[in-house]
Amino acid sequence: MLSRTKLRNKINGVIYKSLIKPICFRFDPEKVHNLFIRRGVFLASHETTKKIISSAYYYGDKSLEQDILGMKIKNPVGLAAGFDKNGELVNILGKIGFGFAEIGSVTDRRCAGNPGIRLSRLPEKKSLWVHLGLNNEGAMAIYERLKKSKRDIPIGVSIAKTNCIETADNKIGISDYCSSFKIFSKIADYIVLNISCPNAYGGEPFTNPELYDSLLSKVDKLQCEKPIFVKISPDLSKEVLNKIIEISGHHRVHGFICSNLTKKHNLGKGGLSGMAVKEKSDFLISYIYRKTFGKYIIIGTGGIFSAEDAYKKIRLGANLVQLITGMIYQGPNLISEINEGLVQLLRKDGYRSISEAVGSANYSDKNKN
Ligand SMILES: Cc1cc2nc3c(=O)[nH]c(=O)nc-3n(C[C@H](O)[C@H](O)[C@H](O)COP(=O)(O)O)c2cc1C
């Protein structure tokens, strides 16, 4: 017999797939996204609607809880950067079932993003084509909003360099990062240095080891007490990746987000999410975990569509996972489905908690997915 949660998730899934998604997928993805944000803001502004959302979507279990760098995280499934760019949904993301969320990427200056069509669905690839170019309201406005929020889950802030011609100068680029960093270092639960946006003017200069070192040296001087993560590209060569890992060891870096969108596709500009990143992300997680003996916290991001996908990333070395694309193709019920599925998978493999399963695929052949 189906459990209450399974039944609820099944009903939500059927409603999403047979009603909401077919309607939404007939319209421009960015317009639909903006509409969802507006609806989310409304739902987040009333206690009653928050309770309704929670009873429709929330799922919790003791085995999913972790203490990560002092953050109490109720489950390992987070919202990846790029969905709530302006931090408008932080009051409701925990009710939908996320254990943590990352807002942004935020840039120091307000930014309109790239012109023209900049978001498309690729259903046959289970991916999204993204060329948004870091559109956001700017660090100060988002800081003011976050200050007033009543969040119930850890909120990370992803920081990128403003997408404009001036910040292509590397010194200006670094001070642009640092300016946002200072603004959020007190209010965010963790901070992410996004050095891997594939859609900004001047490319990804801070994946260059020397520039990466200079950026981290300046960030060290800001004496932030919050955990710092670096979000990396899935397209890095092994040589550059090794350098980035090595340099990170000389600075105040607590972990890596593996990974951002991939630029390896034949659609010209932009980056791809979802299935197109899945294997690359899995590879990065395992590579970093093995190379650093689990020293860093790893957040696995890219192509999570099921509990099995999330579990694989965890067993490869991810302490936490994040998603966007899976939720768009399968609905917000996916978060609870993954969490519920993770509890079953942990039990099946004899683990009492997520932390026991982290990295297990690297040192044992049992329980292979
Ligand atoms: C619409 C969209 C916007 C995104 N914007 C950002 C961003 O601003 N900053 C960032 O670090 N990653 C951004 N990403 C990348 C995601 O955070 C994530 O790394 C990637 O999509 C892989 O996860 P997924 O397959 O679950 O979507 C964006 C992704 C999508 C789909």
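Computed values, structure above
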| read-out | value |
| --- | --- |
| Options N163, N114: the member that is within 16 Å of the ligand (Cβ to nearest atom), touching a Phe, Trp or Tyr at 6+ places or on another chain (Cβ under 7 Å) and in a loop (DSSP other than H, G, I, E, B) | N163 |
| Residue match in the stretch 53-61 (condition: over 21 Å from E337 (Cβ atoms), surrounded by 19 or more Cβ atoms within 10 Å (Cβ to Cβ) and more than 11 Å from the ligand (Cβ to nearest atom)) | no |
| Output for the stretch 142-160, where each listed residue is over 11 Å from I103 (Cβ atoms) and within 16 Å of the ligand (Cβ to nearest atom) | A160 |
| Scan of the stretch 138-179 for residues that are touching a residue at least 12 places away in the same chain (Cβ under 8 Å), of a type in the set (D, E) and surrounded by fewer than 18 Cβ atoms within 10 Å (Cβ to Cβ), ordered by number | D152 |
| Flag if G138 is closer than 19 Å to L320 by Cα and more than 9 Å from the ligand (Cβ to nearest atom) | no |
| Restricting the stretch 191-224 to residues that are β-branched (V, I, T) and either within 16 Å of the ligand (Cβ to nearest atom) or at positive phi (or both), the residue that is surrounded by the most Cβ atoms within 10 Å (Cβ to Cβ) | V192 |
| Set F27, F36: member being aromatic (F, W, Y), under 24 Å from L132 (Cα atoms), assigned to a helix (DSSP H, G or I) and modelled with pLDDT of 95 or more | F36 |
| Helices (runs of 4 or more DSSP H) (entirely within the stretch 208-294) containing at least 3 residues that are among the small types (G, A, S) | 275-292 |
| Helices (runs of 4 or more DSSP H) fully within the stretch 307-369 counting 2 or more residues that are within 15 Å of the ligand (Cβ to nearest atom), among the acidic types (D, E) and within 30 Å of I23 (Cβ to Cβ) | 307-316 |
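Let's see how each residue does on (1) out of contact with any helix residue (DSSP H, G or I) (no Cβ under 8 Å at 6 or more places or on another chain); (2) in a loop (DSSP other than H, G, I, E, B):
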{"position": "G82", "(1), (2)": "yes, yes"}
{"position": "N86", "(1), (2)": "no, yes"}
{"position": "A101", "(1), (2)": "no, no"}
{"position": "G133", "(1), (2)": "yes, yes"}
{"position": "Y143", "(1), (2)": "no, no"}
{"position": "G173", "(1), (2)": "no, no"}
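The values are calculated or read from the model by the stated rules, or taken from the named source; none is laboratory data. Computed from a predicted structure; not experimentally measured. Quick reminder, even Gly has a Cβ in these numbers, built from the backbone with ideal geometry, and neighbours come from all protein chains shown.
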